[in-house]
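In what follows, a single structure is set out as structure tokens and then discussed.
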Amino acid sequence: AFEKTNLFFTFSAEKKAKKALEYADERLAEAEESASENKPEAVSEAMENYQENISLAEMEAKAIKDETKTKDLLSTIASSTSKHQEILMEVLAKVPAEAKEAIQKAIEVSKKGREETEKEIEDLETKTEEQEQDETKEKVDKQEKEEIKLDDSNDYNKKDESKKDEQS
């Protein structure tokens, strides 16, 4: 209950995502401990909360307006979920049959989350590259227009000088 209240009163998407990821780490540790103590219900509950926190972290990371911060946070989430998968595989081997389904579901959610965050990162990188290309093209176009104006201005000045020479 404390965690949900704490997240509710956290207004920054970045801070909320970081807290949710931190809480996911804590739920994973709880699941590990519960598995070693042979408590399948506690494992299932911890896994459910883990999944909620991972989903929240991903959602909040995508809501950040600063693309660099979004990319950094998504990279952190992808890295964390990758590590989580390894831990979950170890936990899966330890838990009784009743808890295996919850662990397997958490592994799938973690895997899907990592894949989605990696795709988001790739999309952000592509978008950034396209923006840089557009900016470069705009600069080149602007320079070309300025050169054309300068050339036209020089041509006009030469014609004007020619007329003056003819009149003399």
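Among the residues of segment 87-125, those that are within 19 Å of the chain's Cα centre (by Cα) and in contact (Cβ under 8 Å) with a residue 24 or more places away in the chain comprise VAL109, SER110, LYS111, GLY113, ARG114, GLU116, THR117, GLU118, GLU120, ILE121, LEU124, GLU125.
The numbered conditions (1) more than 30 Å from GLU125 (Cβ to Cβ); (2) out of contact with any Pro (no Cβ under 9 Å at 6 or more places or on another chain); (3) open to solvent by less than 50 Å² (accessible area, probe 1.4 Å) are all true for TYR50 except (1).
Collect the residues in segment 123-133 that are open to solvent by 90 Å² or more (accessible area, probe 1.4 Å) and more than 17 Å from LYS69 (Cβ to Cβ), keeping them in residue-number order.
Matches in segment 123-133: GLU129, GLU130, GLU132, GLN133.
If only residues of segment 1-35 that are part of a helix (DSSP H, G or I) and polar (S, T, N, Q) are counted, the one that is nearest to GLN85 (Cα to Cα) is SER34. Within segment 101-116, can one find any residue that is surrounded by 14 or more Cβ atoms within 10 Å (Cβ to Cβ), touching a Lys or Arg at 6+ places or on another chain (Cβ under 8 Å) and assigned to a helix (DSSP H, G or I)? Taking every residue of segment 101-116 in turn, none turns out to be surrounded by 14 or more Cβ atoms within 10 Å (Cβ to Cβ), touching a Lys or Arg at 6+ places or on another chain (Cβ under 8 Å) and assigned to a helix (DSSP H, G or I). No other residue among GLU98, GLU67 is touching a helix residue (DSSP H, G or I) at 6+ places or on another chain (Cβ under 6 Å) and over 27 Å from ALA13 (Cβ atoms) apart from GLU98. Taking first residues from segment 43-71 that are within 28 Å of GLU101 (Cα to Cα) and part of a helix (DSSP H, G or I) and partners that are of a type in the set (Lys, Arg) and modelled with pLDDT of 90 or more, the Cβ contacts under 7 Å between residues at least 6 apart in sequence or on separate chains come to ALA46/ARG27; ASN49/ARG27; TYR50/ARG27; ASN53/ARG27; GLU60/LYS16.
Selection within segment 3-37: residues that are closer than 19 Å to ASP66 by Cα and of a type in the set (S, T, N, Q). The member of this set that is surrounded by the most Cβ atoms within 10 Å (Cβ to Cβ) is THR10.
The values are calculated or read from the model by the stated rules, or taken from the named source; none is laboratory data. All values reported here derive from a predicted model rather than from experimental measurement. Backbone-built Cβ (ideal geometry, glycine too); neighbour counts: all protein chains shown. Ligands, DNA and RNA are stripped out before the accessible areas are found, and what is left, the full protein with its side chains, is counted by its heavy atoms. Shrake-Rupley method; radii C 1.70, N 1.55, O 1.52, S 1.80 Å.
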